[in-house]
Amino acid sequence: MMSSETTILNYQALLNEKKLCAAECPSCNTLMFPPRLFCANCFRRGTRWKELSGRGKIRSFTIIHIASATHAADAPFVIVILGLAEGISITARLVGVDPLKPEDIKIGASVVADFEEIPGTSPDQSVTRLIFRPA
Amino acid sequence: MINVSVVGAGQTKFGRHPEYDLRELFSFAAVEAIEEAGISPTDVEAAFIGNLSADRFNNQCHIAPMMVDFAGMKGIPATKCEAACASSATALRAAILAIESGIHDVVIAAGVEKMSDQPTPSVIETLAMAADQTFEAGPGITFPGIFAVLAVAHMHKYGTTREQFASVAVKNHANAVHNPLAQYQKEITMEKALSSRMVAWPLGLFDCSPISDGAAAVVLVRTKEARKYTDAPVKIIASTQASDTMNLCDRDDLSTLGAARRASHKAYKQAKLEPQDIDFAEVHDCFTIAEIIATEDLGFFKPGQGGPAVEQGLTRIGAEKPINTSGGLKAKGHPVGATGVSQLRELYLQLRNEAGKRQVPNADVGLTHNVGGTGASCAIHIASRW
């Protein structure tokens, strides 16, 4: 998959292999997340995958108490915007913290990526969701 | 400089309207605006109608021809404009451009939304569709959650407090007491605002605008023709729009909305005015923090000073910069696709001295700030007294 086209569908396929990837421009080395087919800096077509370390720091966060219909069973849960070591930023769930103690979640705290299986209607339809945990 | 004027404005009461269909809500606002302009529906040459999601809320696509037919304007070009919660400000801008282009002389700009047909979790899900489905709504962020992320960043950077958020809600509810078309014509206390149920920490229920039904409409003509319709037209002197990244995670600073800064900068240039020349403003307080950030992005207060300003009462009616005299989205209500044009209607009333007990003394110039989605869209309009 690492040589596949940098589409959003293939990003999810890589995630299913427990690989967190961004798109990288082979010309100017700009790193892009969410992945893009055209470089955001030099507009060249033909970006490639680069696997990320999964290490980052919390930039901001919230605790969702009233969720949309799809996520209602999980509430309350924590959403973080985090800056990755490679200089890009991701929005994801943060697990391993108490959602009823927001004062314990600190901007700047270190987090690390993990992968969670979301079961589908049959075993081959399960998908992997990117989550983060305190480092 | 823009050379378009408002010669009529109409609006339904905002709130829950189980008794009326979408087209009926639209017709009340449109016919009121047309009658106020002293014209017949058949004089209107084109319509631009803001609406987020009649397809999800009411199982109805292609609403624009249906709306104009029902309100007596069958046959004219009718176009729906969608920019999430900024839908009707973009409809307004399209209407202004249609007149500025020389193609049309009399155009209606409107907005309509009927959200209360669906249960609340379904409404939350539809609103979240205005964020990136794969990368932000996917993990489970909601609209209150998006603005809560901005609130946490603002608190961290500037020391903004939950009491300052609550001050926005208390002020806007107090203003709405004097707006007969507001969803909540009642005051709330600081204690009540702060003790409300948590929605997306640090935002509680009283930090959030409600689920609403409603419509608003204005009739626009070329400024040099405007006095044929009314003795007191309201001149639109700036109309701008900007966009930003869809995703919060793609932005360097989470304590501000770049689209609002860019659109307002262009609007001040277009109107040849500065922020201090604006006498009052209707800003997009979908959540209390959004009003604080808006007053900073618009240049009314320095970054970080929006919270202290509302807490000190500087944005009340009668103070130096009245904000959301109508009650804002918070208390007037927020039928999302109708909000932008409803904001202009408040300017129309204020600039004609028709705002009753919520009238701003000596109001000569007003501004509207309508934000779509995560702040990926923002449209600004500035209007002045004739």
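The values are calculated or read from the model by the stated rules, or taken from the named source; none is laboratory data. None of the values given here were measured: they were computed from a predicted structure. Cβ: placed from backbone, ideal geometry, glycine included. Neighbour counts: every protein chain shown.
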- request: Say whether the condition of being away from chain A (no Cβ under 13 Å) and within 30 Å of B:Asp69 (Cβ to Cβ) is met by at least one residue in region B:167-179.
  value: no
Of the residues in region B:9-30, those that are at negative phi and either of a type in the set (Gly, Ala, Ser) or touching a helix residue (DSSP H, G or I) at 6+ places or on another chain (Cβ under 7 Å) (or both) come to B:Ala9, B:Gly10, B:Gln11, B:Thr12, B:Phe14, B:His17, B:Leu22, B:Arg23, B:Phe26, B:Ser27, B:Ala29, B:Ala30
Exception for A:Cys39 within (1) surrounded by 20 or more Cβ atoms within 10 Å (Cβ to Cβ); (2) more than 9 Å from chain B (Cβ to nearest Cβ); (3) in contact with a strand residue (DSSP E or B) (Cβ under 7 Å, 6 or more places away or on another chain) falls at (3)
Going residue by residue through region B:15-22, is there one that turns out to be outside any strand (DSSP E or B), within 22 Å of B:Pro77 (Cβ to Cβ) and either at pLDDT 95 or above or among the acidic types (Asp, Glu) (or both)?
yes
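Let's see how each residue does on (1) touching a Pro at 6+ places or on another chain (Cβ under 7 Å); (2) among the charged types (D, E, K, R); (3) not assigned by TED's automatic domain parsing to the domain that holds B:Asn172:
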{"position": "B:Asp279", "(1), (2), (3)": "no, yes, no"}
{"position": "B:Glu282", "(1), (2), (3)": "no, yes, no"}
{"position": "B:Phe287", "(1), (2), (3)": "yes, no, no"}
{"position": "B:Gly306", "(1), (2), (3)": "no, no, no"}
{"position": "B:Leu329", "(1), (2), (3)": "no, no, no"}
Scanning region B:294-328 residue by residue, those among the hydrophobic types (A, V, I, L, M, F, W, C), more than 18 Å from B:Val170 (Cβ to Cβ) and surrounded by 24 or more Cβ atoms within 10 Å (Cβ to Cβ) turn out to be B:Leu298
Across region A:80-129, the tally of residues that are of a type in the set (Gly, Ala, Ser), assigned to a strand (DSSP E or B) and facing chain B (nearest Cβ under 10 Å) stands at 3
Just one listed residue, out of B:Ser122, B:Ser88, is of a type in the set (Ser, Thr, Tyr), closer than 19 Å to A:Asp74 by Cβ and part of a helix (DSSP H, G or I), and it is B:Ser122
Return yes when B:Phe165 is outside the structural domain of B:Ala84 (by TED's automatic domain parsing) and under 18 Å from the mean Cα position of the chain (by Cα) and no when it is not. no
Here the residues within region A:38-79 that are touching a Phe, Trp or Tyr at 6+ places or on another chain (Cβ under 6 Å) and either part of a loop (DSSP other than H, G, I, E, B) or among the basic types (Lys, Arg) (or both) are A:Arg45
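Is it true that some residue in region B:334-347 is closer than 27 Å to B:Gly159 by Cβ and small (Gly, Ala, Ser)? Steps first, answer last, please.
Kept after step one, since they are closer than 27 Å to B:Gly159 by Cβ, are these residues of region B:334-347: none.
No - not one qualifying residue is present in region B:334-347.
Looking at A:Glu103, A:Glu116, which is the one that is among the charged types (D, E, K, R), more than 22 Å from A:Ala22 (Cβ to Cβ) and either in the same structural domain as A:Phe77 (by TED's automatic domain parsing) or surrounded by 13 or more Cβ atoms within 10 Å (Cβ to Cβ) (or both)?
Step by step, each of A:Glu103, A:Glu116 is checked, and only A:Glu103 is among the charged types (D, E, K, R), more than 22 Å from A:Ala22 (Cβ to Cβ) and either in the same structural domain as A:Phe77 (by TED's automatic domain parsing) or surrounded by 13 or more Cβ atoms within 10 Å (Cβ to Cβ) (or both).
If you go through region B:288-298 one residue at a time, do you hit one that is over 19 Å from the mean Cα position of the chain (by Cα), modelled with pLDDT of 95 or more, in a helix (DSSP H, G or I) and closer than 30 Å to A:Arg59 by Cα?
No, region B:288-298 has no match at all.
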Subset of region A:18-52, residues in contact (Cβ under 8 Å) with a residue 40 or more places away in the chain and within 16 Å of the chain's Cα centre (by Cα), comes to A:Lys18, A:Leu20, A:Ala22, A:Leu31, A:Met32, A:Phe33, A:Trp49, A:Glu51, A:Leu52
